[in-house]
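One structure is given below, encoded as structure tokens.
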């Protein structure tokens, strides 16, 4: 395992380990549109990276390439020393190590909350049902929706659904968690309950890559902020530096629009 | 009324409808199995399977059933002498099974398209979430996509089953003694009862298909997935 080489990271909130994720010269086109241009990013175990940027800058696409929900044209993505496989069982195995939380929750509509959380451990990890149920209930307790276990997703509020989605990912004991705009589809009063869960995860040492517009979360929990614009990583720095003293014009322009 | 009773005594009407039911049930199972295989090919990530599935559906669906039925009987049974029911079975049994094959192959295309339309009602995020927790292609289908697709497929599958029930009449062309075969005999030998014969046949098929339609409406409400 390669030692983690800090890029221009600045001070860190908590201790981080060796490199767990490495994107090297990643390129992707959607037809004519060059959505990812020469993306290089190294993430250490335990690090929380927040990806910011205007809409259409490619930040969601970047997030989705890491567990290959989007394919890439060239470059390499390496997770824990293994290059991301392109197909089949090997890819499924690797995806199990990378949790993903979606903007639209995507809970399995035909399964109860408890079954949603148990499906991965039982079918992928082949754990006994009783054991999987026990840890699923613990996880639901941890995200504060234990009393909803026997309901169906449509019966829960957006905030509750998103917390279940986080529990569903955590049930796989992932090495990395990806968050693709996890609070963008929520009513304003429900944003905080989801962010609270995410902050506690970050404090607990989970490796997280978070695409979000929540500047408060970035300030509070991020080790590092990555700013993207037009498919390129324009700036990488610690949150304090990024918010108070951005170097690029595009970052200044972006911050000017969102921070009043 | 007495005419109907006399017809029922004289000809094996119930036997005819029993053959219709046997053809329907066995072909429904056959077309369901074939249809599921075809639809999995169509949505699989392997390009060759997708093309085969698409080609199969488009060729078979657009061929008249009569052509498929007579082709099976004449080419496979008469000329090539493939005996589906074993070497010793009687010709009527052999032709029954060739009829089942033709009906299954033909209706499997409608089954495949029905299930595919059901799959299209499942939001793509469901498959993404399933893949993101590490489920394989097969697990994603069996655990997440198909259980939700069933609801959207119930109505088209029910329509296909009703069509299949009535389309079994086509195999009378190869001499399988189902209801319409009996009807032709009745018209031939008791032409003065023509109205009674038609009413008897229409009634028989309605009795067979009406419950299917009712069951389908009930099931599609029952299986609804809340979003």
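The values are calculated or read from the model by the stated rules, or taken from the named source; none is laboratory data. All of these numbers come straight from a predicted model, not from anything done at the bench. So basically every Cβ, Gly included, is an ideal-geometry build from the backbone, and we count neighbours across all protein chains shown.
Out of everything in the range B:107-143 that is buried (at least 20 other Cβ atoms within 10 Å of the Cβ) and in a loop (DSSP other than H, G, I, E, B), what residue ends up being nearest to the chain's Cα centre (by Cα)?
Filtering first and then ranking leaves B:122.
Which of the residues spanning the range A:83-116 are at the interface with another protein chain (Cβ under 10 Å from one of its Cβ atoms), in contact (Cβ under 8 Å) with a residue 40 or more places away in the chain and not in a loop (DSSP other than H, G, I, E, B)?
A:96, A:98, A:99, A:100, A:101, A:116, listed by residue number.
For the subset of the range B:84-101 comprising residues that are modelled with pLDDT of 80 or more and buried (at least 16 other Cβ atoms within 10 Å of the Cβ), which member is nearest to residue B:18 (Cα to Cα)?
B:96
Could you please let me know if residue B:148 is over 24 Å from the mean Cα position of the chain (by Cα), in a helix (DSSP H, G or I) and either surrounded by fewer than 20 Cβ atoms within 10 Å (Cβ to Cβ) or within 14 Å of chain A (Cβ to nearest Cβ) (or both)?
no
Could you go through the range A:41-53 and let me know if any residue there is at pLDDT below 90 and farther than 20 Å from residue A:206 by Cα.
So far as the range A:41-53 goes, no, none of its residues is at pLDDT below 90 and farther than 20 Å from residue A:206 by Cα.
Quick check, is residue A:126 away from chain B (no Cβ under 13 Å) and either assigned to a loop (DSSP other than H, G, I, E, B) or over 20 Å from residue A:168 (Cβ atoms) (or both)?
no
Looking at (1) touching a helix residue (DSSP H, G or I) at 6+ places or on another chain (Cβ under 9 Å); (2) at pLDDT 90 or above, which is the only condition residue B:124 fails?
Looking at each condition in turn, residue B:124 falls short on (1).
Residues in the range A:139-150: is at least one facing chain B (nearest Cβ under 9 Å) and either touching a strand residue (DSSP E or B) at 6+ places or on another chain (Cβ under 8 Å) or without any contact (Cβ under 8 Å) to a residue 40 or more places away in the chain (or both)?
Checking the range A:139-150: not a single residue is facing chain B (nearest Cβ under 9 Å) and either touching a strand residue (DSSP E or B) at 6+ places or on another chain (Cβ under 8 Å) or without any contact (Cβ under 8 Å) to a residue 40 or more places away in the chain (or both).
Table: residues versus (1) free of Cβ contacts under 8 Å to residues at least 12 places away in the same chain; (2) more than 30 Å from residue B:148 (Cα to Cα).
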site: B:175; (1), (2): no, yes
site: B:178; (1), (2): no, yes
site: B:188; (1), (2): yes, yes
site: B:192; (1), (2): yes, yes
site: B:200; (1), (2): no, yes
site: B:206; (1), (2): yes, yes
site: B:212; (1), (2): no, no
site: B:216; (1), (2): no, no
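Pick from the range A:54-64 the residues that are more than 17 Å from residue A:165 (Cβ to Cβ) and buried (at least 16 other Cβ atoms within 10 Å of the Cβ): which of them is farthest from the other protein chains (Cβ to nearest Cβ)?
Applying the filter and picking the extreme gives A:54.
Filter the range A:25-55 down to the residues that are outside any strand (DSSP E or B) and on the phi < 0 side of the Ramachandran plot and list them by number. If you could, list the steps in order and put the result at the bottom.
Step one: of the range A:25-55, the residues outside any strand (DSSP E or B) are A:31-32, A:45-47, A:53-55.
Within the range A:25-55, A:32, A:45, A:47, A:54, A:55 qualify.
Which condition number in (1) under 21 Å from residue B:116 (Cβ atoms); (2) outside any helix (DSSP H, G or I) is the one that residue B:83 fails?
Unmet condition: (1).
For the range A:65-82, which positions are out of contact with any strand residue (DSSP E or B) (no Cβ under 7 Å at 6 or more places or on another chain) and within 9 Å of chain B (Cβ to nearest Cβ)?
A:68, A:69
Here is a list of conditions, (1) farther than 19 Å from residue A:178 by Cα; (2) modelled with pLDDT of 90 or more; (3) surrounded by 14 or more Cβ atoms within 10 Å (Cβ to Cβ), and residue A:10 meets all of them except one; can you say which number that is?
(2)
Among (1) at negative phi; (2) in contact with a strand residue (DSSP E or B) (Cβ under 6 Å, 6 or more places away or on another chain); (3) in a strand (DSSP E or B), there is one condition residue A:60 misses while meeting the rest; what is its number?
Just one mismatch for residue A:60, condition (3).
For the condition away from chain A (no Cβ under 11 Å), modelled with pLDDT of 90 or more and in contact with a helix residue (DSSP H, G or I) (Cβ under 8 Å, 6 or more places away or on another chain), what is the one hit in B:155, B:160?
B:160
Any residue at all in the range A:11-24 that's more than 30 Å from residue A:252 (Cα to Cα), part of a loop (DSSP other than H, G, I, E, B) and within 14 Å of chain B (Cβ to nearest Cβ)?
No, the range A:11-24 contains no residue that is more than 30 Å from residue A:252 (Cα to Cα), part of a loop (DSSP other than H, G, I, E, B) and within 14 Å of chain B (Cβ to nearest Cβ).
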